Amino acid sequence: MATRGMVREPSAMLGPARHGLFEFTGLGWGLALPVFLLSLLGLFCIHATDRLGAAAGPGETEWIFAEWAAVLGPATVRQLAFILTGVGLMIVTLLPSYTRIGKHAYLFYGVVMAALVALIIDRYVWDVPDWLIPVRRNTRRWLTLGNYFSIQPSEFMKLGLILALARYLRYRDSYRTWAGLVPPFLFTVAPMLLILKQPDLGTLLMLLPVLFCMLFVAGARKRHLVTVMLAGAALLPAFYAWGMSDYQRDRIRVVFMQSSTDERWHMDKGYQLRQAKIALALGGVTGEGYGRGLFLEANTQLLPEENNDFIFAIIGHQFGLIGCLTLIALYAVIVICGVEIATKTNDPFGRLLAVGVIVMIVLQALLNVCENIGMAPITGITLPFVSAGGSSVWANFIALGLLVNVAQRRPMMMMRKPFEHRDG
Amino acid sequence: MFERRLWFFICGLGLLAVLIGARLVDIQVIRAGQYHELVPRITPRESRFVRPARGAILDRKGRTLVSDEPASDLTMYYAVIERNPNYLRTLARRMRRSGEIPAEVELDEAIEMLRDSLLQTRQIVADAAGVSISMLSEREEAIVKRVQAVKEFIREKSPTVSTIREESRWHAVLEDIPPKLAAELQLRLGNQPWVRVQPGARRVRREADELTHILGRIGAVDDKRIAADPLAGDDLRELRPGDFCGISGVERVADTILRGVRGRVVQDFAQGTEERVEPEPGRDVMLTIDADLQKQIYELLAEGVKNSLHPAGAAAVVIDVESRDVIAAVTYPTYSSAEFRDNYDDLLRDRIRNPLRNRALQTSYPPGSTCKAIAAVEALDAGVVSPETRIHCTGALLPNRPNMFRCWIFNQSRVTHDDTDTAAGQRTEDAIRNSCNIYFYRVGQMLGPERLCAGFDRFGLGRRAGTGLIEETLGVVPTDAWLQRFMRRHAEKADVWNWAIGQGEVTATPLQVANVAATIASGVWRPVVLVRDADGTPIVGDDHPADVPISARALQPVRVGMWRVVNEQGGTAPGARLSDEVERYVMCGKTGSAQAQPLILNYRFVVEHADGRREEVVEISRDELLKRFPEPKPRIVGQFANDRYPPLGEGGKLPAHAWFMGYTQTRDTPKGATPRGRVYAISVLIEFGAAGGRVAGPIAKSIAELLLAPSGAKG
């Protein structure tokens, strides 16, 4: 413990290299291009599915962008607005050095926790007015200001957790012992319990992989991690039996009953998944073309949540296997760029931050795809940068900002040594 | 270490990506065909049913009694009713794309055009219905409210549902539009995509009040009827919420035939096609009843009741013995649809006339002396008497109790049948002719209660007559089981005396009694037929009874006796003798004067209120009494019969129902043989008509003459 005071952060010693805001054009295109393409794809697909009644939310008619909404479709305009503000938030995130942001990591984590607690208070302690915490679909996930603004704290919890864990883990090696694993787990489990009560299973299940991956790359002992995972796996049946509500159990059953011959199951609980798979199958290799195909030309919505959790199926429907693989390739580019940023940074906080952000983005993407093709239970995870949504778009852009921030402020020592020319 | 682990991590992700890629190839390429096959199952179709016209009910001669007449609904698309602002835009866009609106017209302009024409639609609809626009809006709001309630309910269960089916449906804003108006609306609104005139129907009954009870009514289905539906599972024929089905009378018996097969319109939005299967109207059914005869008999009964000392109700049933077709089943009085609709309470409270009851088969009466024919057949069949066995009429059965169990003739004029007819004592046929109580007291005693009840049962008492109507009352055969269950006693000695002359616990409906006459005539008890389908196949209800043969040997003296009742000097029913107009035919019959308790018109109830205050209230029943009081309901602490009808005679003498049952045969039918010619079984009951021979007999005669006269109604 005594040594802790002695160790000083490299940022404090050297100060991160300042490359300026536009430096990331040189380095960041690897990230910017796939994210730009994904967002554009998302916008187009949302526009294609934007039909009467599909995404009409409460208060939609009095919306300030009603004029635009009438032309482009309400959900499209909404998404465009979220992407633009998301890019704005990303730029704001780029302005201060990530190390300065890191100093407020716990504060950020605390604020999001407070928001989560507020949602719980509405449920268990006293009734918060509906314009502040509405109950939608029998869940309490949003903090709102009437119909004007709404935010989903659990989406930001992913960010909060990444920041807090990176901050906590950066100089320690205590997590290589059993006891040292307790605090990072507490960081993770506390918000999970709060989110469990909203309930929002998708977000909740994202937090654990983030923790494990960050611990893993930070060098936690494999046998510890494996033991914890095995213990968790052993507890799963108990959680299935007692910890879940009926509809959650049904969603898990959906995965295992895909080949059931019971038509009633497929028309009821298994409906979403089968519709998604049919949409994908109709796409075939080359797809039906943009805005074409049964699922988009039919008068009614055939696939629930088609612009959100199930947008992948709609993409596969329009652009086929080629489109799906391209989409996955775009995420692969993000991963590769992110990993490069993580390896080239030798600031431990930056490394962990980069890893956390990549894990969050890529795991969301892959899990979402898995849900669409029946490889994972349907828990409501969005496809990052593509799915319609406010908070998730913002959270992803902020995360991206953090990643670019790390890349931009690569420490001096990682620079190529001066005057060492190859031809010499 | 960090980099190695990152590699590890990337490899993990890569593996996952490969798995996903493999699964995608599986879904999109390898097994794609399998999923393609599912497409027809999930293609968005709006499928709606088209209600078929319900079959008509005809009478025996093919005259329409009840039928469906066209009446349409005006329906509007839900998005219009809801005033969804996006609908017009979507519609305008679609119409421009399809060329219905020229492409030169700007989208906004097109929307304005549609909006104007929508306003116009509402004006036209309101004018047609004769209501104001605001009232029409109220109706529309009610529809929206109902649909939203359904939506709330569904979303509570499955929160991901964003639109429900009702929201893409057409809802009726005007119902039951007459055909002329429907045609006009169709013409004026036909080019507007948000309204449709959907053809429907209304059940219309011809003026046939004499048949009201038999025809029955239709009503909206409820869960119970859907659960009991014999056609459940056949989605084109089964009952669905919102349907109407027969709830009483023949409408109910023949419901599955009258119902028809739904048509179906399936709109495939993917292909833009509309598949239409026209509904198949319900098949007609035919009553075996002759509506004209029914009406004529109704008038005869009305006359008979008017002349009665204590006018109440009456019933008459005519059965064609050969086919067992019920040619007439008349109850008097009846009511009109308008009375039923507007004055139901009056009908309910009219306790003397009691028009809601179908007396022909819904009320059972003590059969009185008509029962003696059954007792006689049973006694001969059992061998307890032979046709030649002679039994003396002693005036009273018990020498030491001269005021009880007396013969009717002794009651009236202090003589016995030994005095008036034959001093040697009566044989079976004499006893039937004279309707001698003493003879049948003794026969009953010899038979014993079990054998006597078996006889009643063989003649169809206490059993369904076979019409299938749920209104049919079974009547009572007082078997030991019945006595124990309802009277908590066993048969006593005197019971069987009473039952043998059709008094006491035994009761029967006029329909059952007519079938007794038919059974005596034909030698076999057989269920009657009331409804036939177009091919003439009888339509019967559940638990349709089977035939019961009767020994021909035992019937012979009874038939002779019944011939003598009508056609011999001194018989009990000379008034039933057919006139010369129908010279080829004679009537055989049996009279009855069945003593019965007077009707209790109302009760004097003593009620105790919550505060202990007691009060006397006169009301027709407990239910009606309790309806009078608000919660908390008072406690009923006493109930006494208040007004009776008719009042008791001197010495507590009970009033009597007048019965006649008989059948027709040709004059040349040998005595005691199976009747020849057109054989009709007839029963007539005049409530509180007293003497069967004098009151009911002539009516039966008139009925037979209607049936048999060359110009009369013939079945």
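Values computed for the structure shown
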| quantity | calculated |
| --- | --- |
| Selection status of A:ALA407, part of a helix (DSSP H, G or I) and out of contact with any strand residue (DSSP E or B) (no Cβ under 7 Å at 6 or more places or on another chain) | yes |
| Test: B:VAL66 is more than 14 Å from chain A (Cβ to nearest Cβ) and in contact with a helix residue (DSSP H, G or I) (Cβ under 7 Å, 6 or more places away or on another chain) | yes |
| The lone exception for A:GLN248 - which of (1) among the polar types (S, T, N, Q); (2) surrounded by fewer than 21 Cβ atoms within 10 Å (Cβ to Cβ); (3) part of a loop (DSSP other than H, G, I, E, B) it fails | (3) |
| Count - residues of the range B:572-593 that are under 19 Å from B:ILE520 (Cβ atoms), part of a loop (DSSP other than H, G, I, E, B) and of a type outside the set (S, T, N, Q) | 3 |
| Only listed residue being assigned to a helix (DSSP H, G or I), modelled with pLDDT of 90 or more and farther than 23 Å from A:ILE46 by Cα, chosen from A:ALA342, A:ALA354 | A:ALA354 |
| Residue in the range A:323-350 that is nearest to A:LEU208 (Cα to Cα), counting only those that are within 7 Å of chain B (Cβ to nearest Cβ) and buried (at least 24 other Cβ atoms within 10 Å of the Cβ) | A:ALA342 |
| The range A:217-245 - residue that is in a helix (DSSP H, G or I) and closer than 15 Å to A:THR379 by Cβ and, of those, modelled with the lowest pLDDT | A:GLY243 |
| Those residues of the range B:97-113 which are buried (at least 17 other Cβ atoms within 10 Å of the Cβ) and either within 14 Å of chain A (Cβ to nearest Cβ) or among the aromatic types (Phe, Trp, Tyr) (or both), in sequence order | B:ALA110, B:ILE111 |
| Leading residue by the ranking (surrounded by the most Cβ atoms within 10 Å (Cβ to Cβ)) among those in the range B:176-205 that are β-branched (Val, Ile, Thr) and under 22 Å from B:ARG259 (Cα atoms) | B:ILE177 |
| Where a residue in the range B:634-649 is within 24 Å of B:ARG353 (Cβ to Cβ) and its partner, wherever it lies, is assigned to a strand (DSSP E or B) and of a type in the set (Phe, Trp, Tyr), with Cβ under 7 Å and at least six apart | B:GLN639/B:TYR603; B:GLN639/B:PHE605; B:PHE640/B:TYR603; B:ALA641/B:TYR603; B:ASN642/B:TYR603 |
| Per-region count, the range A:340-388, residues farther than 18 Å from A:LEU403 by Cβ and of a type in the set (Ser, Thr, Tyr) | 3 |
| From B:ARG23, B:ARG31, B:ARG41, residue being within 12 Å of chain A (Cβ to nearest Cβ), free of Cβ contacts under 8 Å to residues at least 24 places away in the same chain and within 30 Å of A:GLY73 (Cα to Cα) | B:ARG41 |
| Check on A:TYR271, modelled with pLDDT under 90, over 25 Å from A:ASN372 (Cα atoms) and either of a type in the set (Asp, Glu) or out of contact with any strand residue (DSSP E or B) (no Cβ under 7 Å at 6 or more places or on another chain) (or both) | no |
| In the range B:594-621, the residues that are among the polar types (S, T, N, Q) and either out of contact with any strand residue (DSSP E or B) (no Cβ under 7 Å at 6 or more places or on another chain) or in a strand (DSSP E or B) (or both) | B:GLN595, B:GLN597, B:SER621 |
| Test: residue in the range A:259-281 that is without any contact (Cβ under 8 Å) to a residue 12 or more places away in the chain, part of a helix (DSSP H, G or I) and under 25 Å from the mean Cα position of the chain (by Cα) | no |
| Residues of the range A:114-134 satisfying the condition of being outside any helix (DSSP H, G or I) and either in contact with a His (Cβ under 6 Å, 6 or more places away or on another chain) or aromatic (Phe, Trp, Tyr) (or both) | A:TRP126, A:TRP131 |
| Single residue of B:ARG93, B:ARG60 found to be in contact with a Ser or Thr (Cβ under 8 Å, 6 or more places away or on another chain) and either more than 14 Å from chain A (Cβ to nearest Cβ) or part of a helix (DSSP H, G or I) (or both) | B:ARG60 |
| Test: residue in the range B:365-382 that is under 17 Å from B:GLY561 (Cα atoms) and among the polar types (S, T, N, Q) | yes |
| Qualifying position, being free of Cβ contacts under 8 Å to residues at least 40 places away in the same chain and either among the acidic types (Asp, Glu) or under 15 Å from A:MET113 (Cα atoms) (or both), among A:VAL182, A:VAL189 | A:VAL189 |
| Which listed residue is assigned by TED's automatic domain parsing to the domain that holds B:LEU461 and modelled with pLDDT under 90, from B:ARG359, B:ARG349 | B:ARG349 |
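Residue-by-condition table, conditions (1) within 11 Å of chain B (Cβ to nearest Cβ); (2) closer than 23 Å to A:PHE44 by Cα; (3) aromatic (Phe, Trp, Tyr):
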{"position": "A:GLY316", "(1), (2), (3)": "yes, yes, no"}
{"position": "A:GLY320", "(1), (2), (3)": "yes, yes, no"}
{"position": "A:MET360", "(1), (2), (3)": "no, no, no"}
{"position": "A:VAL369", "(1), (2), (3)": "yes, yes, no"}
{"position": "A:GLY380", "(1), (2), (3)": "yes, yes, no"}
{"position": "A:ALA388", "(1), (2), (3)": "no, yes, no"}
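Listed here are the residues, each with its yes/no results for (1) among the basic types (Lys, Arg); (2) in contact with a helix residue (DSSP H, G or I) (Cβ under 8 Å, 6 or more places away or on another chain).
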| site | (1), (2) |
| --- | --- |
| A:ARG140 | yes, yes |
| A:PHE149 | no, no |
| A:PRO153 | no, yes |
| A:MET157 | no, yes |
| A:LEU161 | no, yes |
| A:ALA164 | no, yes |
| A:ARG170 | yes, yes |
| A:VAL182 | no, no |
| A:PHE185 | no, yes |
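The values are calculated or read from the model by the stated rules, or taken from the named source; none is laboratory data. Note that this is a predicted model, so its numbers are computed, not measured. No Cβ is skipped: glycine too gets one built from the backbone with ideal geometry, and neighbour counts run over all protein chains shown.
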